[in-house]
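A short reminder: the numbers here are calculations on the coordinates, not readings from a lab. Quick caveat: nothing in here was measured; it's all calculated off a predicted structure. Glycine gets a Cβ as well: all are built from the backbone with ideal geometry, and neighbour counts include every protein chain shown.
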Amino acid sequence: MATRRTWLVKTEPGSYSIDDLERDRRTCWDGVRNYQARNFMRDGMRVGDLVLVYHSGGDPPGVVGLARVCREAYPDASALDRRSEYFDPKATAHDPIWMMVDLEFVEKLPRMVTLAEMKADAALRGMTLLQRGQRLSVMPIDPAHFDHIRRLSRRA
């Protein structure tokens with residue numbers, strides 16, 4: 001059996017928040033328009049992998065919840081929809097270019113782990129999210145970093 005991987009996905013809470021995921025229970029993670037992030041979803045994410053949900057546009061930004069991959073990568077239909085903000089005229093049914101996965105809600109963290117808190121924590125040194133200029137919306141997370149963030153969320 002393959003080892004489960006751990007991930008982080010960014011979302012703007014005004015567009016789709018952890019509360020929305022909790023309400024919906026499951027959603028497609030569409031609209032990703034970065035090739036490296038797409039490749040992580042397409043080539044790396046597997047059913048059962050755990051995912052930290054990060055509110056990137058919040059004040060403050062931070063990790064707010066946990067999701068699980070419940071469907072592996074498949075074509076992102078929003079790339080073919082001319083009415084969608086994620087429409088890509090280069091995408092076709094034969095060559096959809098963009099992919100998405102489905103995520104299911106697991107839990108809200110007991111408290112948000114803020115970006116500032118993560119940056120100040122030596123145990124998270126080297127974490128991709130904290131690298132200068134890092135803008136990926138989907139990224140792998142070292143299991144030790146993943147577990148540490150979950151532990152931090154339980155601290156008062």
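Things worth noting here:
- Electrostatic tally near Leu152: other residues with Cβ closer than 13 Å to its Cβ, Lys and Arg +1, Asp and Glu -1, net +3.
- Neighbourhood charge, 11 Å Cβ-Cβ cut-off, centred on Val32 and excluding it, Lys, Arg +1 and Asp, Glu -1: +2
- Sequence ranges 121-129, 137-145, ranked by mean other-Cβ count within 10 angstrom, highest first: 137-145, 121-129
- Formal net charge of residues neighbouring Arg5 (Cβ-Cβ distance under 15 Å; K, R +1; D, E -1): -1
- Using alpha-carbon coordinates, inclination of helix 143-153 to the longest axis of the chain, degrees: 60 degrees
- Helix-only arithmetic for the chain: the sum of -39500 (n - 2.57) across DSSP H runs with n ≥ 4, divided by the residue total, places the mean residue ellipticity at 222 nm at -4500 deg cm²/dmol.
- Counted residue by residue at 0.36 nm each, then reduced by the alpha carbon distance between them, the extension gain from Arg25 to Arg4 reaches 5.4 nm.
- All-pairs Cα distance distribution in the chain, expressed in whole percent, bin size 10 Å: 11, 40, 36, 11, 2, 0
- Debye, to nearest 20: dipole size of region 6-153, +1 on Lys, Arg Cβ, -1 on Asp, Glu Cβ: 260 debye
- Spin-label pair Lys90/Ala123, simplified geometry with 7 Å Cα→Cβ offset, distance in nm: 4.2 nm
- Structural descriptor for the chain: relative contact order 30 percent, calculated from alpha carbon pairs under 8 angstrom and at least 6 residues apart.
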